[in-house]
Every structure is written in structure tokens, then in C-alpha cells.
Amino acid sequence: MVNVLVQLVTLLNGLLLNFLAPAVYGLHAFGEFIAANAMVLLVYKCVTIISEPLIRLSKPNYLLVILLSLSALVVMAMALLSLVWSPGSLPMLVGILVLSNVLIALQAMRWRRMYVAVQLLAIVVFVGLLAATHFEYVALTIVQLMEWATLIPAVMGVAALFVMRVQVPTWEILMHSLADLARHMPNMLSVTAVMNLFTNAMPLLLAGVLIPRELGLFRVATALIQATTSVFPVSTQAVLAAFNRAGELATKLYISLAQFALLYFASAALVLMVVAQAIPKFAPYLALVACLPAYFHAILAERFLTSQHALHSLRIANLAICAVAISALLVVNTLGAALLHYAIGLTLYALVLSIIIAARGQGARSTIVLMALCPLAVATTAQHPWVSMGVMGFVLVVVMQRRVFSVAELKTTLRDI
């Protein structure tokens, strides 16, 4: 039950900024906020990625202080950068970094109930301030809202952890941990470069191309894709852990999960397309749902290759796709082109990883062909929605005919490992 709550509050917290804020402030104001603070949000995500090794490299009781030290260094670097260029709101960066530090420390110490409590506090503060702004009790911009909604739970979380259990490491341990992070940083950023580019860096790169309303709409559409993957029955963290524990069964587990995910997300995409037809005002926000199968397959393939220690191949694939994607941005000048670029880029990444896995004799080639249809479905969503729905229907039929998994067997395998 606690695990379900953890997944639920994490999903809700991720939805607040990208869905509630645009609903209250409007897409134009939200787009302006994203354009002004894209660098802050990108830096926050990069710090979260490079902090991941600390969970297994550091003693849990020391983790919060080490993370706070890293965050302090990052904030000082951004403060120096702000002398020559405005990267965004530094108070917001402090808030989201410290709140993230608290949550990572709680995960490492397995304090799941307190993790849920901190997440709920952040949700309550955000929704309360948003409601007060909507009903004109206070006048807060999106930036001010984010500053208060992250700083309040962050400060309270840090205070609670210091009172209860956190210890201060010695200077030698602190320096050694930060040196370990610096050593792991290039590897961590290179093997996640594509996902970081498409989920976090794209708004920064498109800020000078799209008008604020289009940038806001792009952010909402991409955030919906990322949020939808959270409702998969197995979390992405659990998938990596399952691959690591599976041993010789990892390949069979990957093939089964890949086909099940293709069926699951093609079905979800088809349902959302029907919703877009039934409620036309939702259609712009659902423009990317057809690339759901490819997006999750890229995550799945990434986790599998990581578990198989194929980091060299993963690194080369990431850097190559990033180079192609960034070069292709030179011809992107409209919202439609940006959405298609996103779909093609993520699908290409999923295809390349699938080909690498197939070349190792560990994957099913049929999924490669089916994922290649995702950009076609995205391209036809606006003008020819029935073609897009037909493509997803075709994917569903083929997967059902060629599936090699049983849901009951898959559940048993995941439980056993």
C-alpha cells in the first residue's frame, strides 16, 4: 500500500506544474515561465541524474548533507552565471534542489511514509497557493508560486531529517563523495543524454523559436507523455532492479515486457485519440500520444542495456542521436515541426537501442518495425486522425497475434525475482 502511495504522490507532484499551472495562468504565461526558467529546470534534472550513484556509494545517514553540499556548489555556479546571463529564478532552483535532496535521502533511508508526507506537503502548499491566486486572495506569478511551493516543504523536510536521524560526515568523507560524483558525472550524463534532451533541454532550445503560447503547449504535450508512462504497472526503477536480479532470465523478461508495454501503451494511445476526437479542445494537448509506445520502449531498452553493462554502446547511441536531433532543430520553426521532431527523435532512439539489443541476440525484431510507425501516427494526428488511429489499431492487432508473453506468467516472473 505504501509503495502505491509513493508512486501516486510522485505522479501527482509531477503533474502540478505542467497541468494545473497552465490551467490557472494560461498557456501564454506558462510558456513565458518555461522560456525564462528552462535552464534552471535543466540544471535541476542534471543534478538529479548525477546524484543517483550516491544512493549506493554513500552511507544513507550522510546522504542529505552530501547532496546539500552538491546543491550549494551548483547554486553558486548559477549565481556566477547570472552576473552575465539570466538563467532563471535562483530561489526556485534552491527550492527544487533541496526538496529533491530531501526526497532522495528519504528513499535511501527507506522512510517511505515520511517520503509520502513530504510529497503531500508539497502538493498541499502548491494547490493552496494556486487556489489563493486563482481566487485573488494573493497575487503570485508562476515563479513566485514555485519558489514558495518548493522552499516551504524543503526547509521543513531538512529540519525534520536533522532532528530525527541525519548525520554530518567528516570533511574527508564529504570530499571523497563529491570526487566520486565528479568521476561518475560524464558517464551518467552521457548514457541519459537523449532522454534529458527531449524531456528537459528541448524547451530551452525552442524558447527562441516558438512563441510563449506554443512553447507552453509543447511543454504540456510532452509532460503528458512522460506522466502517462508512470501509470505502467511496473515502475521504471523496479524494471531496472528486475533486470539486475533476473540473471539469465533478463532477456526473456525484456522481450515479454517490451511486447506487453507495446500492447499497453498502444491501447492507451488509442483511447486518448478517441478522447481527442470526442472532446476537440483536448486534441492539441494529446498531439503526441501516438509516440507513447516508442517513448516507453526507449526507457525499457535503456534500462535493459544498463543491466547488461552495455554502457559503451548506450553512450555512443545517446551521443549520436543527440547530435542528429540538435542538428535537425535548425529546420524546426513551428509547433507542428517541433512535435514531429520530438516523435521522430524518441522513436529513432528506441529503434537504435532495439537494433543494438537484437544484434546481441537478445531482442525481438518485430517490435522494431511496429515502433517505426509511431512518428507516422503523430504526423497524421492533426489533419487525419482516423489514419493515426488506424496505425495504432494495426500495432495492437500485430502485437496480439505475435505476443510471446502471458500476463499471469509475467506477474509470476516479476514476483519471483
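The values are calculated or read from the model by the stated rules, or taken from the named source; none is laboratory data. This structure is a prediction, so every number in the text was calculated from the model and none was measured. Glycine also receives a Cβ, built like all others from the backbone with ideal geometry; neighbour counts cover every protein chain displayed.
Residues in region 260-274 that are closer than 23 Å to Ala359 by Cα and buried (at least 22 other Cβ atoms within 10 Å of the Cβ): Ala261, Leu262.
Hey, does region 395-410 have a residue that's part of a helix (DSSP H, G or I), among the aliphatic types (A, V, I, L, M), farther than 18 Å from Thr251 by Cβ and modelled with pLDDT of 80 or more? So that I can check it myself, show each step before the final result.
So in region 395-410, the residues part of a helix (DSSP H, G or I) come out as 395-402, 407-410.
With the extra rule that they be among the aliphatic types (A, V, I, L, M), the set shrinks to 395-400, 407-408, 410.
In the following step, the residues that additionally are farther than 18 Å from Thr251 by Cβ were identified as 395-400, 407-408.
Next cut, modelled with pLDDT of 80 or more only: none.
Within region 395-410, none of the residues are part of a helix (DSSP H, G or I), among the aliphatic types (A, V, I, L, M), farther than 18 Å from Thr251 by Cβ and modelled with pLDDT of 80 or more.
One residue is enough: does region 112-121 have a residue meeting the conditions free of Cβ contacts under 8 Å to residues at least 60 places away in the same chain and among the charged types (D, E, K, R)?
no
When Val194, Val127 are checked against the criterion of being in contact with a helix residue (DSSP H, G or I) (Cβ under 8 Å, 6 or more places away or on another chain) and more than 18 Å from Lys45 (Cα to Cα), a single residue qualifies: Val127.
Looking at region 74-85, is at least one residue polar (S, T, N, Q) and in a helix (DSSP H, G or I)? First the steps, then the outcome.
Filtering region 74-85 for residues polar (S, T, N, Q) gives 82.
The next check asks that each one be in a helix (DSSP H, G or I); those that pass are none.
No, region 74-85 contains no residue that is polar (S, T, N, Q) and in a helix (DSSP H, G or I).
Checked against (1) crowded, with 16+ Cβ neighbours inside 10 Å; (2) part of a helix (DSSP H, G or I), Val124 passes all but condition (1).
When each of Arg365, Arg303, Arg360 is tested for being more than 28 Å from Ala207 (Cα to Cα), at pLDDT below 90 and surrounded by 15 or more Cβ atoms within 10 Å (Cβ to Cβ), the lone residue that passes is Arg303.
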